[in-house]
Structures are given as C-alpha cells and as structure tokens.
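Report on the following structure.
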Amino acid sequence: MLHPLKRKYHREHWSLRDINLTIRRGTTVGIVGRNGSGKSTLLQIICSVIHATTGTCEVRGRVAALLELGAGFNPELTGRENAVTNGLIMGLSSREIEQRIEDIRVFADIGEYFDQPVKTYSSGMFMRVAFATAVHVDPDILIIDEAMAVGDVSFQEKCFRKIREFKSRGTTILYVTHDRASVTYFCDEAVLLHDGELIEVGAPQRIIDLYSEILTTGRLVGQAVADVPGAALPAPGAPARTYRPGSDVTAPEVAAFLDATGSEDRCAANPLYNANEYRFGNGGAGIIDFLVVERERINPAHVRSGDTVDIYLKIRFDRDYVAPLVGFTITNAQGVVIFGTHSQWLHGAAPPAAAGDVRCYRFRVRLTLSVGPCFIEVAVASAQGDVSDVRSKMILIEVLRDQMMIGLVNLGPTFEPMT
C-alpha cells in the first residue's frame, strides 16, 4: 500500500559508513570500539552473512568465523551434526570432516553432550563446539567476535594456545574484543571504530590509547604529547639525581618540589618522562609535575624488583573540587595492566581543592614486579568520576632483577630443603 503523502515510518541508520580498510595476509588485527560502533557488522560483511548497502568487500581464502554465540548452528541438531554441517559449509569434503570430527569432539571436551541437541547447551558449551569446529577446518582467515568472553578460564587459555598456533603459521586473524590488554599483547595491528566510522588503523598501543579515551570521556580530543609542536622534551640520556648513602633525601629535592609555587607544566623536564605519553581528559584540573624517589635516589632510571618508591604528583586545579580522586596505574611494555588504584580506595575522601590551588600528593608503592620497563599512568578526576586529566604512560622506569623469575610480579618466594 502506498501512502499518499509518502510519510516515512522509519529513521535511517548507518551501522557503517565510508569504511576503507585493507588487511594484509598473515596479520593479526584487533578491532575495538564501544558497543554499537559497527564491529560485528563489519565482520558479518566480511563473512558474507550480510551485504553492504554500498561498496564492495573482497575476501581471498577460506574463512572460519565465530560471530555472535551460536550463529550458523541449528538448535535442533546435535553438536556433532552441527560440526559436520559447518565443516561442509566451510568447504571441507565429507571425508575430510569424517577424519576431523573426533579431533573436534576431543577439543570441545563436553562429553556426552556432543551428541545431544544444541538447544540443551549452555553458552559455554555452545562456544566450545563452535570454536572447535572453526579451528579444525584449516582456515586462511580466522574471525573471532568476542567469543572468548564465554567459557571457563582453562578453556579460554586452550583457545588462545590454538590461536597462537594459527598466528605462527601465518593465518590472518581478525579479533573483536573489549579486552584492551589482549589487543596490545596479541595483535600486530588494531582498528578503532566509533559510531560506524573508521577512526584510525595503526599500532595496537596507539589504538588502545584512543579507545581508552573514548571509553573514559565519550569523545576523542587528546593526542600524543610528542606530536604537539614545540612540546618540551627532556635532554637525551639525562642522568637521575643521586644522593650519597645516608643523606637526607627529603632535604633539597623533595622539599623544593613541595615548596615550588609555579603552575606551569614541568613534567617534560623530568628524566623519567616518556615523550610518547598519551594525554586526555575533560579539563578542570591538570597534572603539572612529578617526582619519583627510591631511598636516597631521586628519579632513578631503574629500580630493583621489590624496591619501595614514592611517587609525588603536583596538580593544578582550575575549578573547585569537593573531593578530588588521584590515581595511578602500572603497565608493562606490552600494555598489560599490572596494578592500579586511587586515593579514594587507599585513604578515603581527599581534602577539597579550590580553583587556583596547586596541590601535592604522594603514593608509596613496593614495586614487586618482574624485570623490564614499566609505565606509570597518572590521573585526576572528580568525586563523581568525571575524568579531568589522564597522562597515560607518562613515567617510564626500568625494573632490574635481583633473582631469576618469570611472570609479571615477584611474589618473593623462599625455598629450603626439609629432609
């Protein structure tokens, strides 16, 4: 029936628009963005589950996809029957499926449920069978859409081992997730989508910085400080200030830091400053200086695992804060968050700050970390959680070993023979 006035009863919405993306063979690409940004739609177009309204998508190679939970599975069929059906759809012959079905059953590890109707499965069992099927068809392109969020931890680790095996063999992998650490650790490149638009394609850590800003502030206005024309950078190889053993470290350096009254940003003058920090926030307060102290050493280039350090922060307030929140996060070189906390959790409400105030705060932390470089992110926010200033990876410090270990942290174990 035609409406005489051609009235519209719908509102046009573009899930994706003006996407121009090339993914090179053999790369592992993380795709991130808030819910509704178009991530799943992009993967469905690549898999030919849906077709783009305009434009083209060219895919070369066999694709195995784990899209939304249970996509492509018939709930009336058993896990075995669904595995066979999906294998045939992905291009395997009946003989090839017959040769691999036992491996699929063993990998899924759901016992007798493998021969029960899929409609009786839990979400975790669903994912086990779907993943087992996808990885046993020898895909050229493996697509995973947040499927790893389902299932127990041991099976997730089993899946990641299998994915790493594909990665080492040169399989192209597209990985949609909200787990920022896994993107920086696992992916070669990353893609950021926001409101259906392609924001940027680049190095995983850069993309995760942008994604973190969108999650925190709902918008994208920050930039890497090193990209700002005229940004002050520390002199290359600037040495840490060191005091003789037994000297009073609180005397000149710390006292001068606490007593200084200027409100200009002096962070870049510190030898521990990382010129590739990423800074964002809604304003209202700003972190303008910092100092790191380890016993008699000021701004040491390195510490030993287990050393205790004091992190002093100086913050300028441009408006009134009833109870400012001050926090820090420690990450390793791969972007994995090792530890984070803030003043509210440690101390309760901080004293109020008025517009024009410059306040100093101190965190004391024992760096029981594994060896290697670590980054310290610092931030200030209002009591309501409005993020004023985040200086991501602003401080770079090296942790040296005092004993052999592996992992992210040093738990300080001891050993002694008992018999």
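The values are calculated or read from the model by the stated rules, or taken from the named source; none is laboratory data. Keep in mind that what you see is a predicted model, and the values were worked out from it rather than measured. Quick reminder, even Gly has a Cβ in these numbers, built from the backbone with ideal geometry, and neighbours come from all protein chains shown.
Check off (1) outside any loop (DSSP other than H, G, I, E, B); (2) buried (at least 19 other Cβ atoms within 10 Å of the Cβ) for G124 and give me the number that stays unchecked. Status for G124: all satisfied but (2). Those strands (runs of 3 or more DSSP E) of segment 325-419 in which at least 2 residues are among the hydroxyl-bearing types (S, T, Y), surrounded by 16 or more Cβ atoms within 10 Å (Cβ to Cβ) and under 22 Å from the mean Cα position of the chain (by Cα), considering only elements entirely within it, cover 325-332, 387-400. Filtering segment 289-313 to residues that are part of a strand (DSSP E or B) and either out of contact with any helix residue (DSSP H, G or I) (no Cβ under 7 Å at 6 or more places or on another chain) or not assigned by TED's automatic domain parsing to the domain that holds D389 (or both) leaves V292, E294, R297, H302, V303, R304, T308, V309, D310, I311, L313.
Scanning segment 362-419 for residues that are in contact (Cβ under 8 Å) with a residue 60 or more places away in the chain, small (G, A, S) and over 20 Å from H342 (Cα atoms) yields S370, G412.
Rundown of residues vs (1) in a strand (DSSP E or B); (2) under 21 Å from A181 (Cα atoms); (3) among the acidic types (D, E); (4) at pLDDT 90 or above, yes/no style:
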site: M1; (1), (2), (3), (4): no, no, no, no
site: T22; (1), (2), (3), (4): no, no, no, yes
site: N35; (1), (2), (3), (4): no, yes, no, no
site: A52; (1), (2), (3), (4): no, no, no, no
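Against the conditions (1) aromatic (F, W, Y); (2) in contact with a Cys (Cβ under 7 Å, 6 or more places away or on another chain); (3) buried (at least 20 other Cβ atoms within 10 Å of the Cβ), F317 satisfies every one except (2). Taking the criterion of being surrounded by 13 or more Cβ atoms within 10 Å (Cβ to Cβ) and either among the acidic types (D, E) or not assigned by TED's automatic domain parsing to the domain that holds A132 (or both), the only residue of segment 33-79 that qualifies is E68.
Before we move on, is G124 out of contact with any Gly (no Cβ under 7 Å at 6 or more places or on another chain) and either at pLDDT 90 or above or more than 19 Å from S94 (Cα to Cα) (or both)?
The answer is no for G124.
If the condition is being crowded, with 18+ Cβ neighbours inside 10 Å, touching a residue at least 60 places away in the same chain (Cβ under 8 Å) and in contact with a Ser or Thr (Cβ under 9 Å, 6 or more places away or on another chain), then segment 293-306 contributes P300, S305.
Residues that are touching a Cys at 6+ places or on another chain (Cβ under 9 Å), in a strand (DSSP E or B) and within 20 Å of K162 (Cα to Cα) do occur in segment 59-66, at least one of them. Here V409 does not qualify as of a type in the set (V, I, T) and either in contact with a Cys (Cβ under 9 Å, 6 or more places away or on another chain) or at pLDDT 95 or above (or both). Identify the residue in segment 137-164 that is at pLDDT below 75 and in contact with a Leu (Cβ under 7 Å, 6 or more places away or on another chain) and, among all such residues, is surrounded by the most Cβ atoms within 10 Å (Cβ to Cβ). Residue satisfying both the conditions and the ranking: A147. Residues in segment 80-119 that are exposed (fewer than 14 other Cβ atoms within 10 Å of the Cβ) and basic (K, R): R95, K119. Count of segment 376-410 residues, restricted to those that are closer than 16 Å to V365 by Cβ and among the β-branched types (V, I, T), is 6. The set of residues in segment 148-199 being under 29 Å from T53 (Cβ atoms) and among the polar types (S, T, N, Q) consists of T172, T177.
Let's see how each residue does on (1) free of Cβ contacts under 8 Å to residues at least 12 places away in the same chain; (2) among the charged types (D, E, K, R); (3) touching a helix residue (DSSP H, G or I) at 6+ places or on another chain (Cβ under 9 Å):
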residue: M90; (1), (2), (3): no, no, yes
residue: Q99; (1), (2), (3): yes, no, no
residue: E102; (1), (2), (3): yes, yes, no
residue: R105; (1), (2), (3): no, yes, yes
residue: D109; (1), (2), (3): no, yes, yes
residue: P117; (1), (2), (3): no, no, yes
residue: R128; (1), (2), (3): no, yes, yes
residue: I143; (1), (2), (3): no, no, yes
